[in-house]
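Working notes, structure below.
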Amino acid sequence: MEILYLMIPLGVVLVAAAGAALIWAVRDGQYDDLDGVARRMPDD
Amino acid sequence: MTSAAADWSVYDRPELRDSVSAMAGDGLREVLLGIDGMHCASCAASIERALAPLAAQVQIDVAARTAQLRFDPRQSSLSALLGAIEAAGFKPRVFAQDASLNRDRRAAREELARIGVAVLCAMQVMMLAWPTYGREASGIMAPMLALLRWTQWLLATPGVLYAGWPFFVHAARSLRARRVDMDVPIAVSLAIAYGVSAWRVLAGGGELYFDSATMFVMLLSGARWLEGRSRGVATGHLRRLLGARKLTATRVGAAGDETVALAQIARDDILRIAPGEAVPVDGRLLDDDAELDEALLSGEARPVQRHAGATLLAGSLNVGATAIRVRAEALGHDTWLAQITAVLNRAARERPPFQQTLDRIAGVFSLLILGLAALTAALWWPLSPEHALSAALAVLVASCPCALSLAGPLAFAAGSGRLARLGVLVARPRVLGRLAAVDTVIFDKTGTLTRMQPVVEDTELLGGARAGDSAARCLAIAAALERPFTHPIALAFRAYDRQLPVAALHSVAGRGISGRVEDVAYSIGADDGMLAPLADPAATAIVLRRDGRPLARFALRAPAREDAVAAVAALREQGCDVQLLTGDAEAPARALAQAVGIDHLRARMSPQGKLAHLRQLQGTGHVVMAVGDGINDAPLLAGADVACAMPQGAALAQAQADLLLVGDSLRPLTAAPALARVIRRRIVQNIAWALAYNAFVLPLAMGGVLLPWMAALGMSLSSLLVVLNALRLPRVEG
């Protein structure tokens, strides 16, 4: 069970990375318009 | 293509300056530009180099492809900056400085980020909390237990303080305004749960509530987000209208095309609209075979074909393959688009009276919960301080009156969003309550059941005619007399105008027009009943007289709307009594009523007569919806329980109506009462659910049966249920 002393901090690091990636993606505007891209396709 | 510098100079003009840049203090102006083609840091560096001599401050955001600039208008100009960017090889874009729109977008992004963090943290905290439930039995070693507890704290901190921050902000704001709303118990319970747990981690013992707190934030912000989205459905329409606004247009002049600010355009200017561009003002189309997307204005998704002479509305898109020319007719605030925007803005500000009552109840309820939580803690304290805290938390969390506050606005928002997509704008939200009870629908004739524009069906020469008087000449004389007027009858003659000179025109309300054409006295007006009836009973007779003697009679007929029959049938199917009130003569009114399937008909009604009839219906307990064009039947509309206008042209904002039919169709109207009934039912259901849930859960929480995490789950699911119920509207088609 000693491995948990490694796995739990590792889990925290991964969550932090996932959270940071999510916040970056949202602030970058990647979720602003989810269906516009599909609709614009026929115009291109 | 003209030179680039000439294109940009339009943005330096005083009319446009304030809509693209703002004063930033020290005499500097600030502007936000979009820059296409900028992908990397070295691009940004070359733009910065190009702008350095011209701008006081340059802030480039490569990811957003924007540049925020400050410049001194005495030494530099926006057009010089734009030219410099273009010379550096990039394409600048000028945005309208719509601060509120940008703010909304930022807020929406932040909200989504908070929800994401809330979900991540709540899942992790719950996993870590699980082994510590009943730790005596599981026999976890002390160092491991400490690690689990400290990690929970670490993960719960962003989950509560970042993701849950809006709840604290709202609670603080309402307390400062000396109000208590539902965010106060939420913030108090989050603060207690987080604070007590943190203190217990430091102290090294006792039950932790991090799992409850993070789950509460996660579920609650999820419900709020759904709520916001459904409100967005209603305001999204408005948003898209605002986004369609343009700042410049291409004017066709003697010296070629020039780019001008919208404010510079005058009536009768000719504008060129390139493929893919939006029409900037209301105007008349000069080219044939134009293809336009008018979805913004009417909800009609398919492109429509328009021909020369058709009216184009600002905000429609030229989706054809070629540029089209438009003669400007209505500008700025007079455009249809500007008026729809004004109406929707007005509607968005209104809070129905019943909603104000609900908000007050929710406020009192929140205060009550705070008191009950304190009471619970006080009662439990002598028995077990540990349990007292847990029970008080459960009370705070479980009985938050979120569902009560959400019930009304959500159902309203979802309903008016659905109606807007069908082509019915709700100008006054309070009307939805009365709309649900409508049992009688009164139609006006011209412009609602029929198309607005009658056509000359037949011309018949009368006794006063001499040799040499032809039908075509009579039509030309009539057209000359009607030339300066814009009412539907006058427009019917416009096609026959041969530009005969006309003088001494007099118009007498209700009696017609008199004047001299080629120095002969003519008059034109309604049939005075001296002649034999027209062959077509649905037509309206207009008589042209020369020196007082009848010369010709024109049969005018406004064709019935194609969808009038279906609309009337659908309304009757819903149990509505459909009536036709008109100022027209009996015969044409009856023919129309038969054609569209209306039994109850009153012809030759004065405006006062219509209103009296309406009052009589209301006196016998009927709830009446009146449908008119919004101008000619203003008294009737003002008196009706629900006033529905089908305004034509520029009269939208003046139309004193509760509902506005913006598409050129009656069908959406038939969906409105049914939808309003559904909305009312949803609101009642939601309120009933909220009250029943609280009545059930409060004793359990006070009795200590309900643990805080169960309370958080129950309360959030209850809110979610209310949200989903409000959104569960039938898919009505217009």
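Each value in this text was obtained by applying a stated rule to the coordinates, not by laboratory testing. For clarity, every value in this text was computed on a predicted model and none was experimentally measured. All Cβ positions, glycine included, derive from the backbone under ideal geometry; neighbour counts span all protein chains shown.
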When Cβ neighbours within 10 Å are restricted to other protein chains, what is their mean count per residue of peptide B:69-80? 0
Normalised by the number of residues in region B:266-330, what is the relative contact order in percent for Cα pairs under 8 Å and 6+ residues apart? 52
Contour minus Cα-Cα span, residue B:162 to residue B:677, at 0.36 nm per residue, comes to 181.3 nm
Sorted from fewest to most neighbouring beta carbons within 10 Å, what does the list B:696, B:554, B:365 look like? B:696, B:365, B:554
Averaged over A:19-31, how many beta carbons belonging to a partner chain fall within 10 Å of each residue's beta carbon? 5
For the pair residue B:357 and residue B:305, how long in nm is the line joining their label points, each one 7 Å along Cα→Cβ? 5.5
Modelled label-to-label distance, residue B:717 and residue B:383, 7 Å Cα→beta-carbon offset: nm? 2.5
Partner shielding of B:115-127, as the mean number of partner chain Cβ atoms within 10 Å, equals 3
When a footprinting reagent is the concern and you count Cβ atoms within 10 Å, what order do A:1, B:182 take, fewest first? A:1, B:182
Sorted by Cβ density within 10 Å, fewest first, the residues B:610, B:91: B:91, B:610
Here the relative contact order (percent) of region B:455-557, from C-alpha pairs under 8 Å and at least 6 apart, is 33
Nitroxide proxy distance, nm - points 7 Å out along Cα→Cβ at residue B:566 and residue B:75: 6.6
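If you add up the charges near residue B:309, with Lys and Arg at +1 and Asp and Glu at -1, over every other residue whose beta carbon is less than 11 angstrom from its beta carbon, what do you get? Each step should come with its number before you reach the end.
Working: positive: B:284, B:306, B:327, B:494; negative: B:287, B:288.
After counting each charged neighbour, the total is +2.
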Here FRET efficiency (C-beta to C-beta, residue B:68 to residue B:91, R₀ 25 Å, nearest 0.05) is 0.90
Could you tell me the calculated FRET efficiency between residue A:12 and residue B:41, based on Cβ-Cβ distance and R0 = 30 angstrom, to the nearest 0.05? 0.40
Give, as a single signed number, the net charge of other residues whose beta carbon lies under 12 Å from the beta carbon of residue B:80, with Lys and Arg counted +1 and Asp and Glu -1. -3
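Using 0.36 nm per residue, how much length does the chain from residue B:620 to residue B:170 gain when fully extended, once their Cα-Cα distance is taken away?
Answer, rounded to one decimal: 157.2 nm.
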Expected output is a single nm value to one decimal: the length gained when fully extending between residue B:267 and residue B:595, i.e. 0.36 nm times separation in residues minus the C-alpha distance. What is it? 114.0 nm
Quick one: Cα centre-to-centre distance for region B:355-424 and region B:28-85, in angstrom? 50
